[in-house]
Amino acid sequence: MFERIDLHTHSSCSDGLLSPAELIAAASARRVQLLALTDHDTVSGCDLARRLCEPLGLRFIAGAELTASWREREIHIIGLKLDVTDSQLQCHTEQLQRQRHARVEAIGARLTHTGLPGAALVAPALTGAAAPTRAHVARALVAAGAAADVQDAFDRWLNRGRPAYVATRWPALEATVQCIGLAGGLAVLAHPHRYRLSNTALRELCHEFKTAGGAGIEVSLAGMGPNDAANAASLARRFELCGSIGSDFHEPGLPWRPLGRFAKLPEGVTPITTRLGLDMPSSHLPLSS
Ligand code: AMP
Ligand code: MN
Ligand code: MN
Ligand code: MN
């Protein structure tokens with residue numbers, strides 16, 4: 001069995017601060033035994049990450065955190081154990097990346113409109129990562145002195161209702177879950193506690209997610225309070241979704257969001273590792289799959 005696992009992490013292929021190589025080194029140093037790389041809307045770091053994990057005896061799972069929509073809201077669906085060569089998955093992520101590029105360019109135009117150097121502020125996002133995000137722009141705003149920190153950059157400029165907000169229509173939940181399934185992966189509903197949905201709406205989301213072919217839900221995530229975790233566990237039991245564990249790691253040096261979590265799930269929740277075919281003593285496992 002794995003004692004320390006992390007099935008939700010980001011690298012510099014999206015908005016993480018560590019390169020895939022640095023991320024794997026950090027995971028290894030923290031004695032993580034099972035690691036998924038789940039960048040926003042790209043699997044571009046997965047091949048290298050897998051190759052780097054092998055000699056370390058670190059079990060690797062190719063993943064992605066796909067941006068999707070449900071009832072006009074943005075939700076995040078993690079695909080685990082993806083075949084990164086799948087052509088439909090490639091198509092899907094390329095479409096998302098085009099959307100992200102267009103969105104960040106539009107954010108740049110809005111920043112320019114407010115008198116800030118928009119083109120320069122979005123340049124790092126557009127050139128530095130496969131999947132450009134608002135987090136890149138937020139960091140540039142901080143570096144330029146236009147915001148005190150990343151949170152302030154979102155609050156001041158980038159959040160809905162703020163001057164540089166740009167809305168986007170992400171692919172639907174159903175299409176996203178289907179794409180993950182066709183690429184041989186398992187779909188996991190990310191961070192259910194962050195959607196600001198009523199309990200009823202959250203149950204409807206889980207029901208539709210399960211009906212669409214969803215396999216799991218995050219029940220143990222860094223930053224989840226005890227109530228959030230209990231809610232997520234009860235959703236997992238009610239809708240027969242497996243439980244997933246992760247950190248949503250983006251950068252080192254945040255003590256409340258370290259890489260790797262203790263692989264213990266609440267009563268009555270089936271671990272997603274069972275569905276991944278990994279629930280056996282680690283000494284019996286081949287190093288990669
Ligand atoms: P995007 O996916 O382009 O909308 O960018 C959002 C990313 O920014 C998320 O994946 C988070 O990692 C990061 N982020 C950091 N702080 C915030 C915040 N206050 N609101 C939204 N996203 C944030
Ligand atoms: Mn992010
Ligand atoms: Mn997310
Ligand atoms: Mn994430």
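Every read-out reported here was derived from the displayed coordinates using simple, explicitly stated rules and does not represent laboratory data. Since the model is a prediction, treat every value here as computed from it, not as a measurement. So basically every Cβ, Gly included, is an ideal-geometry build from the backbone, and we count neighbours across all protein chains shown.
Observations on the model:
- Counting the residues of region 172-215 that are over 14 Å from Leu66 (Cβ atoms), within 16 Å of ligand 3 (Cβ to nearest atom) and out of contact with any Asp or Glu (no Cβ under 8 Å at 6 or more places or on another chain) gives 6.
- Residue among Val84, Val104 that alone is closer than 25 Å to Ala146 by Cβ and of a type in the set (Val, Ile, Thr): Val104
Results for (1) in contact (Cβ under 8 Å) with a residue 12 or more places away in the chain; (2) of a type in the set (A, V, I, L, M, F, W, C); (3) in contact with a helix residue (DSSP H, G or I) (Cβ under 7 Å, 6 or more places away or on another chain), shown as yes or no for each residue.
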residue	(1), (2), (3)
Ala187	yes, yes, yes
His193	yes, no, yes
His207	yes, no, no
Ala236	yes, yes, no
His250	yes, no, no
Leu259	yes, yes, yes
Thr274	yes, no, no
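- Residue list for region 21-61, restricted to those being closer than 15 Å to Gly246 by Cβ, charged (D, E, K, R) and more than 16 Å from ligand 1 (Cβ to nearest atom): Arg30, Arg59
- Test for Arg261: is it over 15 Å from the mean Cα position of the chain (by Cα), within 21 Å of Gly16 (Cα to Cα) and away from ligand 1 (no atom under 16 Å from the Cβ): yes
- The residue of region 128-156 that is surrounded by the most Cβ atoms within 10 Å (Cβ to Cβ), among those that are touching a residue at least 40 places away in the same chain (Cβ under 8 Å) and more than 11 Å from ligand 1 (Cβ to nearest atom), is Ala130.
- Qualifying positions in region 40-63 - under 16 Å from Leu96 (Cβ atoms) and either touching a helix residue (DSSP H, G or I) at 6+ places or on another chain (Cβ under 7 Å) or among the aromatic types (Phe, Trp, Tyr) (or both): Asp41, Thr42, Val43, Gly45
- Filter result (within 16 Å of ligand 4 (Cβ to nearest atom) and either in contact with an Asp or Glu (Cβ under 6 Å, 6 or more places away or on another chain) or part of a strand (DSSP E or B) (or both)) within region 46-73: Ile61, Ala62, Gly63, Ala64, Glu65, Leu66, Thr67, Ala68
- Test: residue in region 174-185 that is of a type in the set (A, V, I, L, M, F, W, C), on the phi < 0 side of the Ramachandran plot and within 11 Å of ligand 1 (Cβ to nearest atom): no
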